[in-house]
Structures are given as structure tokens and as C-alpha cells.
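Below: one structure in C-alpha cells.
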Amino acid sequence: MSVARRATGWSASLAVALAGVVVLSAGIGPVAVPAGTAFKAVLEAVAVPTLAGGEFAWRHPFEFSLRESHRAIVMRIRLPRILLGALVGFALGAAGTVMQGFFRNPMADPSIIGVSSGAAVGAVASIVAPAAVPFGLGLEPAAFAGALLTAFGVYAIATENGRTPVATLLLAGVAVQTFLGAVTSFLLLQSGESMRRVVYWLMGHLDNAGWADFVPVAGVPLLPLFVLGCFLVLLAYARDLNVMLLGEEEAAGLGIEVERTKRLLLAVSAVVTGAGVAVSGVIGFVGLIVPHVMRLVVGPDHRILLPTAALAGSAFLVAADTAARSAPQELPVGIVTAAVGAPFFLFLLRKRRVHEL
Amino acid sequence: MTGDPTETAVPTPTDDPVLSIDDLSVTLGETDVLDGVSLEVERGELVGLVGPNGAGKTTLLRTARGTLSPDSGQVRVAGDPVADLPARAVGRRVATVPQDTSLSFAFSVREIVAMGRTPHVPRFSAMDEADHAAVERAMERTEVTEFAERPVPAVSGGERSRVLLARALAQDTPLLLLDEPTASLDPNHRLRTFETVAELAGEGRAAIAAIHDLDTAARYCDRIVVVADGGIVADGPPESVLTGSTVGHAFDVDAVVTPDPVTERPRVTALPDVEPADDAPEIPPVDRVHVVAGGGRAGPLLTRLDRAGLEATVGPLSAGDSDAAVADALGMSTLEVGALDGVDDATLDRLRTLVERADAVVVADVDLTAGLAPVLSAVADSGTPAYCIEERPTNERTVAEAAAAAYRRLRVGEAGVAASTPELLDVLA
């Protein structure tokens, strides 16, 4: 079967699974919404952009008669959170896949070049000492800026004469992460009354999510478009990633502009991870284990692996967040992904050969 | 040149050599790996690149495909400087069969071979019929079709080498570089591999194979290039290149080259080294020697003297003599004469000076030609102790009477006679 058909088939199946998880999650919560109602409410939220009479507008093709309280709970409270989780999971799954292929290292994850640590410093600084954050940036912009600055810094440190050896990048990333960890810990000590908020952010969370988190500008949600755009760029380089698994020298021999491709993959992964982390805090393990699990299922070909890992990351994070908010005391989702993900990963490690790419 | 180089799949046949290397020097770290190498390879040639470990074969191949940038000199592939071509264009002109590759991820054999089409497939489209056909053809030629669906980690080392060859064939390039392509193959597949490569050359492509095993090189290649000490020391058909002296000083072994009874190609047998290299004598009382060399007889001798820490001067030597190349490579000062000039008085004067300054003179087992007579006489007259190496008995050499007389004076005088270089080094120590 051709690669395109396999990629489409797997992606379609996972998209259906994701939709199922979204609907199930929309029904779960302190107020139980029957599955059928949740399904209809989610359908109602489906919006199609139209240009009726030259004017941009969203059209909602579905309309059902639902109890207003159910509609409000799904639309205003649960769905923003669910879709934000889906988006972040998508970004982490895609970036994790690319980083593992890029570094040819099964330990790689989206924050390997310090993106998460940089975001943490930015976010924590904006909570603890908002006055010290330049340009008066808010929490999310500060986190995003921290992520990008760190990624760029690590890249610059590891680059010499226009070449960026992967091993140097990896080590520079580890060192910078350690350093920024110290900065974050120091800020944490100074945090006083805001400590709870800081810790909560650091653990990764999706609570209080609203439609505003999607960065709507003139009715267009920019964050999903941005993530989707990054994903499409990465997907366009899926074949190059396959070839780069052979090693950089061979990839160059097969016509890949290695350094340019590395720069691009690194930049796009860092940006998409940074965007995800900025809105959700540090959610560990999604970007590490989801690509491994999907590699076991669909094989190493990035043309199939990349979209499936992104969709699976989406579904996994939505499910984990549903569990997090269903717990007797609401938990940060990062605790759930790590608590569920790590044992599952160890199980795979013993049963199958996940330690190879 | 017309058109965009990136769009030329296989450059249209021109008079340009497929590969043209001009005065190439490459430094890796502090080491000069290649120094002033020039090489041209035409369509239809299968060139065997031989030389000892660390001679620069792999570096030459890596520079030829633009992986390494030379410190000076230029590499042209099918007419265009490889440094100016985008990676895609290089990928359409040069394919490489690497020495060893860890293929530890679960791509199937067919997927790995299909990666050879990478430079031909545009970013936003999939492989077309022609691409798939090229992949199937490459797999058939290398006999990997039968295990095409197997994951690469599950195939044997020998099968993997063929998969890598298939990938290079799928790349469909005018130039094929092979780095020890058959090291892990059984004799049958080694034969098949080289037959395939020879066929490709017959179809108008060019192939350069770094080959460690001299017999393999002699057997399959029509042209042998010997790389040693950062340069090309010999280049030509196996019969003329693989001689005892060339092989001897390139590899620093004593070697005998005989025609293979079946293939009639040269067969190289390395003689066991009597004395291991690490075991060189301690600093000898003799510090400075002058060596009478010539005819490519003194390569191993000069190398050993150098290794033993002796300062040596050499000559007189004609400029084209391979002994001169060795002496040069070792940084020894050489008394050179024009190839046809013979030894004139001025040269003899300079020789006397060198001999007087030396603690001893070593006469390699050179042919005792008439031109050598005044040289040997000058040595005999100087009173500096002389040592003759007689690996070959004199009756097996070319002997001119005048030179023989001078040689006898040397031998009878204060001379020692050594049957081999190690024996000489013992005497000097």
C-alpha cells in the first residue's frame, strides 16, 4: 500500500478516535452531560468560515434543541479546555517526533533544547516579579519569549562555522536547561504568596482555559492556525527527516541541504513547542512517549509517523486532562501525563524495543 | 553552461570528465591528509583506489562529493565545481556506497533503496512511475528483491552492503563512489558486486572504489590509483601499477607481485616483516647517513631509516624516480638530477659533500648501471664507512662492468654487507 494511502488511513482513524475522546470528555464533569447531548453540542460548535457578501463570518451548520445549561457548560467551559488540550497535545506530539528523528536519539523530546525551561523562567518571572519582565509582557507572551530566546541561545552556542553538530546541541541543551532550572528555583524561593500559582503552572495545566487562549484576532483563532502552519511545514520535511536518520553525511549525499534543514526543523519545532508550553505550562512525557508508541504501531516513516503522532498526542492529552479534572481534587494535567505515561513507557520498554528509533 | 544545474538529472554527455580533481589539498585538524592531488576520471572507467590505512582514500572520496571542503584546489563533477552546486544537484551526479552504516530503524529494504530517489523527487510530490521503476531495477541488479519487504535491521551484513549498493544505483548518477564496498561480502557476492559496477561503467558511468585488498583491486579494476602519504604515487593499469616496488613503498611492506595463474591479473603477496615496526632499534651511534638509491629500490629502506630516527640524505636520483617521491615525502634532502642528464661533475661534488658530512653511506640494492659507476667510486674514495644491502644477489641485477668494479671496491673496503634493511639497522645500531 502506498505511503500516502497508509498515512491517510492511519490519520483518519486517529482523527475519529480523537473526535470520540473529545465528545466523551465533553460529557464528563461535575455536571454529567449525556453522550448524545454532548455530541450534539460539540457539533453545534463546528464553525465554517464564510465570506457571505464579501464579509467574513463564521457559520454554524448544525443546530439542535438542547438544554441551555448543557449547551453553556459544553461550549463555554469544557470545549475550550478540551480543544486547547488537543492543540497542545498535537503540537507536543509533532515536535517530539521531529526532535527524536532529528537527534536520532530516543531520549529526545520537544523541550530538549531548553524550550520548556526558557518558557518556565519567562512565566515564573512574570508571576513573581512582573515589574522585572521587559515590555510589561503578560504570562503567556513572557513564556513564549523565554522559550524562543532559550532555543535560539542554545542553537547559537552549539553553532560553529555554520555547522551545528547534533551532539553539541544536545549537550548545550542539557547545560542550559540545568542553568535555567536554577534560575526558576531561585525565583520560586522569592515567590512568597504566589508560590502556589507558580508551582501549578510549572506542573502543566489546562484549567481556566477559555476561548481567549486561542488568541482570536478579528474572530480568527490565531493559535490553531499557527500550530497547523508549523505542522504543515514539518510534514513537508517528513521525507528529509527519514533520510536524515541515515546520518547527516549520507543525507547530504542524497541531496538534502543538511544544515539548512536542521535549522528549519529546529526553529519550527521550538516555536510550536513554545506556543504550546506558553498556554499550558510544562506538560511532560507527551512529546516523549507518544512518538515512541506510534512508531511501534505505524513504523519509522515520518510521512506517516508525524501526523499520527500529532493526532495521538492530541487524544492522549485530552484524555489525561479529563482524568485530571475528574479527580476528587483537580490535578495539574502534567502530573497525570507523567504518572500514567511513565509506567506505560516502562512496560513498553520491557516488552518491545522502544529504545531504538 | 546553459540551464539551471539543479534541473539536470544526468548531465548531458559532454567532453567534461565525470570527475576532475585539480591540485587538491585537504587538512583535517592539524594533519595534511591530501596534498596536491590531481585526478581525472572519464565515463566508462572503473578506478580502484588503493593505499594503506590513513593514506587519504576516504578523504579523497568525501572531498569528491563535496562533503569535505578542500583547503585548496577544486573538484568538478561533470564539468561543474561541486562546491557551487546545491546538494540536490550533487545528489543527482554522485552516489556513494558507504563503508558502514548503522541502519537500526525499522525501514524496509525497499524503503531504504527508495531513499536513493530523494534528489529526483520534488518536495511536494510523491515518487512517480519512473522513480518506482528505478528502485525495482536497482533491487533486481543487486539481488535484494527477494528480501525487499524485510526490515533492514533483520538483514545480514552482506545483504546490507548490497542494499546500500542498490540505493546508490537507484540514485541513477553518472559517478559512483564506493568506499570498501565488498569488505563484508563473501567471494561470490564480491564478484557480483564488482561485475555490477563494471557493467555500470560499461554503460557510460564512472565508478571509483576504495579497495583495501590489492588482489581484489587488481582483479576487477582497469585502472588503479595508489594513494600514499597524502598523494597519488601511481596511476595506471594494474599490470604497470602493482609492481613490487610501488606496493612496497606505498604500504611499507616487502611485496612480491606475480601474475595470477587464472585471471592473469597481478597478484600481490606481502612478505612477512622480519622486524615489527615498533621494535625499531634505539638511537644508533650513527646519526646521519647518505643513501645511494634509485629505480624504486629504496622506498622501504628510507622509511625505516626515518623511523629509526636517522637523518638521511639521498641521491643522486632522477626526478621521476619513486625513491625521490618517498624521500620527498619523508622530508629528506635529495640530490636530484634530470632524468636523461646523467651524473655530471657538479653533482659529484655535491655528492662528495653529503657523503663527507654523513657518518655512513648505505647503498641500496640498486641496479649497477654504468651511470652509477662515478657515484660508487666517489663513495669508495671518500673513506666514509659504506654498507651495502643485498636483498637481491648481484647476479640478478642489471650490472655494468664499470659500476661493478666500483661496487667491489666498496664491498671489499670498510663495507659491511646486509641481506636486508632490518639487518642493516642492527649493524648501524
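The values are calculated or read from the model by the stated rules, or taken from the named source; none is laboratory data. The model shown is predicted, which means the values in this text are computed figures rather than measured ones. Here the Cβ is made from the backbone with ideal geometry for all residues, glycine too, and neighbour counts use every protein chain on show. The protein model used for the area step is the full one, side chains on, heavy atoms only, and it has no ligands, DNA or RNA in it. Shrake-Rupley method; radii C 1.70, N 1.55, O 1.52, S 1.80 Å.
Quick one: how many residues across region A:1-15 are surrounded by 12 or more Cβ atoms within 10 Å (Cβ to Cβ) and either among the β-branched types (Val, Ile, Thr) or within 14 Å of another protein chain (Cβ to nearest Cβ) (or both)?
4
So is residue B:76 out of contact with any strand residue (DSSP E or B) (no Cβ under 7 Å at 6 or more places or on another chain), of a type outside the set (A, V, I, L, M) and either in the same structural domain as residue B:215 (by TED's automatic domain parsing) or not in a loop (DSSP other than H, G, I, E, B) (or both) or not?
Details: out of contact with any strand residue (DSSP E or B) (no Cβ under 7 Å at 6 or more places or on another chain): no; of a type outside the set (A, V, I, L, M): yes; either in the same structural domain as residue B:215 (by TED's automatic domain parsing) or not in a loop (DSSP other than H, G, I, E, B) (or both): yes.
The answer is no for residue B:76.
Could you count how many residues in region B:29-69 are touching a helix residue (DSSP H, G or I) at 6+ places or on another chain (Cβ under 9 Å) and within 14 Å of chain A (Cβ to nearest Cβ)?
Counting residues in region B:29-69 that are touching a helix residue (DSSP H, G or I) at 6+ places or on another chain (Cβ under 9 Å) and within 14 Å of chain A (Cβ to nearest Cβ) gives 8.
For region A:309-329, state whether one or more residues are within 20 Å of residue A:26 (Cβ to Cβ), part of a loop (DSSP other than H, G, I, E, B) and either among the polar types (S, T, N, Q) or more than 14 Å from chain B (Cβ to nearest Cβ) (or both).
Yes, the conditions are met somewhere in region A:309-329.
Follow-up. So for region B:139-148 (the condition being at the interface with chain A (Cβ under 8 Å from one of its Cβ atoms), hydrophobic (A, V, I, L, M, F, W, C) and within 30 Å of residue A:8 (Cα to Cα)), does at least one residue qualify? Before the answer, list the steps.
Taking region B:139-148 first, the residues at the interface with chain A (Cβ under 8 Å from one of its Cβ atoms) are none.
No: region B:139-148 contains no residue that is at the interface with chain A (Cβ under 8 Å from one of its Cβ atoms), hydrophobic (A, V, I, L, M, F, W, C) and within 30 Å of residue A:8 (Cα to Cα).
Out of B:325, B:380, B:360, report the one residue that is crowded, with 16+ Cβ neighbours inside 10 Å, closer than 30 Å to residue B:235 by Cβ and not assigned by TED's automatic domain parsing to the domain that holds residue B:247. Give the steps one after another, and end with the answer.
On the way: B:380 fails: closer than 30 Å to residue B:235 by Cβ; B:360 fails: closer than 30 Å to residue B:235 by Cβ.
Only one candidate passes the filter, namely B:325.
Listed here are the residues, each with its yes/no results for (1) in contact with a Pro (Cβ under 8 Å, 6 or more places away or on another chain); (2) free of Cβ contacts under 8 Å to residues at least 60 places away in the same chain; (3) part of a helix (DSSP H, G or I).
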| position | (1), (2), (3) |
| --- | --- |
| A:5 | no, yes, yes |
| A:8 | no, yes, yes |
| A:11 | yes, no, yes |
| A:18 | no, no, yes |
| A:23 | no, yes, yes |
| A:26 | no, yes, yes |
| A:31 | no, yes, no |
| A:40 | no, yes, yes |
| A:44 | no, yes, yes |
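Separate question: Specify which of the listed residues (A:343, A:332, A:328) is open to solvent by less than 30 Å² (accessible area, probe 1.4 Å) and over 29 Å from residue A:232 (Cα atoms).
Numbers: A:343 fails: open to solvent by less than 30 Å² (accessible area, probe 1.4 Å); A:328 fails: open to solvent by less than 30 Å² (accessible area, probe 1.4 Å).
Unique residue meeting the criteria: A:332.
Next question, about the same structure. For the subset of region A:145-158 comprising residues that are buried (at least 24 other Cβ atoms within 10 Å of the Cβ) and of a type outside the set (Val, Ile, Thr), which member is farthest from residue A:270 (Cα to Cα)?
The initial filter retains those residues of region A:145-158 that are buried (at least 24 other Cβ atoms within 10 Å of the Cβ), namely A:146-147, A:150-151, A:154.
After this cut, where a residue has to be of a type outside the set (Val, Ile, Thr) as well, the list is A:146-147, A:151.
Numbers: A:146: 11, A:147: 8, A:151: 7 Å.
This residue is A:146.
Mind listing whichever residues of region A:24-54 are of a type in the set (A, V, I, L, M, F, W, C) and surrounded by 19 or more Cβ atoms within 10 Å (Cβ to Cβ)?
Once the filter is applied, which keeps residues that are of a type in the set (A, V, I, L, M, F, W, C) and surrounded by 19 or more Cβ atoms within 10 Å (Cβ to Cβ), region A:24-54 yields A:26, A:33, A:38, A:39, A:41, A:42.
Being in contact (Cβ under 8 Å) with a residue 24 or more places away in the chain, assigned to a helix (DSSP H, G or I) and surrounded by 20 or more Cβ atoms within 10 Å (Cβ to Cβ) is the requirement here; does residue B:193 meet it? Working first, answer last.
Values: in contact (Cβ under 8 Å) with a residue 24 or more places away in the chain: yes; assigned to a helix (DSSP H, G or I): yes; surrounded by 20 or more Cβ atoms within 10 Å (Cβ to Cβ): yes.
Yes.
Inspect all residues belonging to region A:218-235 and state whether any of them is more than 12 Å from the chain's Cα centre (by Cα), away from chain B (no Cβ under 14 Å), assigned to a loop (DSSP other than H, G, I, E, B) and within 25 Å of residue A:335 (Cβ to Cβ).
Within region A:218-235 (the criterion being more than 12 Å from the chain's Cα centre (by Cα), away from chain B (no Cβ under 14 Å), assigned to a loop (DSSP other than H, G, I, E, B) and within 25 Å of residue A:335 (Cβ to Cβ)), the answer is no, since none of the residues qualifies.
Being part of a helix (DSSP H, G or I) and either within 15 Å of residue B:169 (Cβ to Cβ) or in contact with a Cys (Cβ under 7 Å, 6 or more places away or on another chain) (or both) is true for just one of B:62, B:110. Which residue is that? Walk me through it before giving the result.
Details: B:62 fails: either within 15 Å of residue B:169 (Cβ to Cβ) or in contact with a Cys (Cβ under 7 Å, 6 or more places away or on another chain) (or both).
Going through B:62, B:110 in turn, just one is part of a helix (DSSP H, G or I) and either within 15 Å of residue B:169 (Cβ to Cβ) or in contact with a Cys (Cβ under 7 Å, 6 or more places away or on another chain) (or both): B:110.
Here are some residues: A:302, A:292, A:205. Which one is open to solvent by 10 Å² or more (accessible area, probe 1.4 Å) and not β-branched (Val, Ile, Thr)? Write out each step before concluding.
On the way: A:302 fails: open to solvent by 10 Å² or more (accessible area, probe 1.4 Å); A:292 fails: open to solvent by 10 Å² or more (accessible area, probe 1.4 Å).
Of the residues listed, the single one that is open to solvent by 10 Å² or more (accessible area, probe 1.4 Å) and not β-branched (Val, Ile, Thr) is A:205.
Hey, any hits in region B:363-374 for a residue that's assigned to a strand (DSSP E or B) and either without any contact (Cβ under 8 Å) to a residue 40 or more places away in the chain or open to solvent by less than 40 Å² (accessible area, probe 1.4 Å) (or both)?
Our first condition is that a residue be assigned to a strand (DSSP E or B); within region B:363-374, this holds for B:363, B:368.
In the following step, the residues that additionally are either without any contact (Cβ under 8 Å) to a residue 40 or more places away in the chain or open to solvent by less than 40 Å² (accessible area, probe 1.4 Å) (or both) were identified as B:363, B:368.
There is at least one residue in region B:363-374 that is assigned to a strand (DSSP E or B) and either without any contact (Cβ under 8 Å) to a residue 40 or more places away in the chain or open to solvent by less than 40 Å² (accessible area, probe 1.4 Å) (or both).
State whether the residues of region B:85-95 include one that is modelled with pLDDT under 90, facing chain A (nearest Cβ under 10 Å), touching a helix residue (DSSP H, G or I) at 6+ places or on another chain (Cβ under 8 Å) and closer than 13 Å to residue B:179 by Cβ.
no
While we're looking at this one, here's another question. Of the residues B:166, B:133, which is in contact with a Lys or Arg (Cβ under 8 Å, 6 or more places away or on another chain) and more than 13 Å from chain A (Cβ to nearest Cβ)? Give the steps one after another, and end with the answer.
Details: B:133 fails: in contact with a Lys or Arg (Cβ under 8 Å, 6 or more places away or on another chain).
Every option except B:166 fails the conditions.
For region B:328-353, what are the residues that are open to solvent by 40 Å² or more (accessible area, probe 1.4 Å), closer than 24 Å to residue B:34 by Cα and not in a strand (DSSP E or B)?
Hits for region B:328-353 are B:328, B:329, B:330, B:331.
Per-residue answers, yes or no, for (1) modelled with pLDDT of 90 or more; (2) under 30 Å from residue A:85 (Cβ atoms); (3) more than 10 Å from every other protein chain (Cβ to nearest Cβ):
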position	(1), (2), (3)
A:241	yes, yes, yes
A:248	no, no, no
A:255	yes, no, no
A:264	yes, yes, yes
A:268	yes, yes, yes
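Sticking with this one: Which condition breaks for residue A:260 when tested against (1) assigned to a helix (DSSP H, G or I); (2) touching a helix residue (DSSP H, G or I) at 6+ places or on another chain (Cβ under 8 Å)?
Residue A:260 satisfies all of (1) assigned to a helix (DSSP H, G or I); (2) touching a helix residue (DSSP H, G or I) at 6+ places or on another chain (Cβ under 8 Å) except (2).
Kindly evaluate residue B:173 against the criterion of being buried (at least 18 other Cβ atoms within 10 Å of the Cβ) and within 9 Å of chain A (Cβ to nearest Cβ). First the steps, then the outcome.
On the way: buried (at least 18 other Cβ atoms within 10 Å of the Cβ): yes; within 9 Å of chain A (Cβ to nearest Cβ): no.
Against the criterion (buried (at least 18 other Cβ atoms within 10 Å of the Cβ) and within 9 Å of chain A (Cβ to nearest Cβ)), residue B:173 does not qualify.
Still on this structure, I have one more. Could you list, ordered by first residue, the pairs with Cβ atoms under 8 Å in which the first is in region B:48-64 and open to solvent by 20 Å² or more (accessible area, probe 1.4 Å) and the second is among the polar types (S, T, N, Q), at least 6 apart or interchain?
Every condition considered, the pairs that remain are B:58/B:99.
Please go through region B:112-131 and pick out each residue that is without any contact (Cβ under 8 Å) to a residue 12 or more places away in the chain and open to solvent by 10 Å² or more (accessible area, probe 1.4 Å). Break it down stepwise before answering.
Going through region B:112-131, the residues without any contact (Cβ under 8 Å) to a residue 12 or more places away in the chain turn out to be B:121-126, B:128-130.
Those that are without any contact (Cβ under 8 Å) to a residue 12 or more places away in the chain and open to solvent by 10 Å² or more (accessible area, probe 1.4 Å): B:122, B:123, B:124, B:125, B:126, B:128, B:129, B:130.
Each row is one residue, and each column tells you yes or no for (1) over 26 Å from the mean Cα position of the chain (by Cα); (2) under 18 Å from residue B:378 (Cα atoms).
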| position | (1), (2) |
| --- | --- |
| B:304 | no, no |
| B:313 | no, yes |
| B:317 | no, yes |
| B:322 | no, no |
| B:333 | no, no |
| B:344 | yes, yes |
| B:352 | yes, yes |
| B:359 | yes, yes |
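Which of the numbered conditions does residue B:118 fail, given that it passes all the others? Conditions: (1) more than 10 Å from every other protein chain (Cβ to nearest Cβ); (2) closer than 23 Å to residue A:101 by Cα; (3) not aromatic (Phe, Trp, Tyr).
For residue B:118, the exception is condition (1).
Could you give every pair whose Cβ atoms fall below 8 Å, whose first residue belongs to region A:264-282 and is crowded, with 24+ Cβ neighbours inside 10 Å, and whose second residue is of a type in the set (S, T, N, Q) and not in a loop (DSSP other than H, G, I, E, B), counting only separations of at least 6 or pairs across chains?
As it stands, the answer is A:273/A:116; A:277/A:116, since those pairs meet every condition given.
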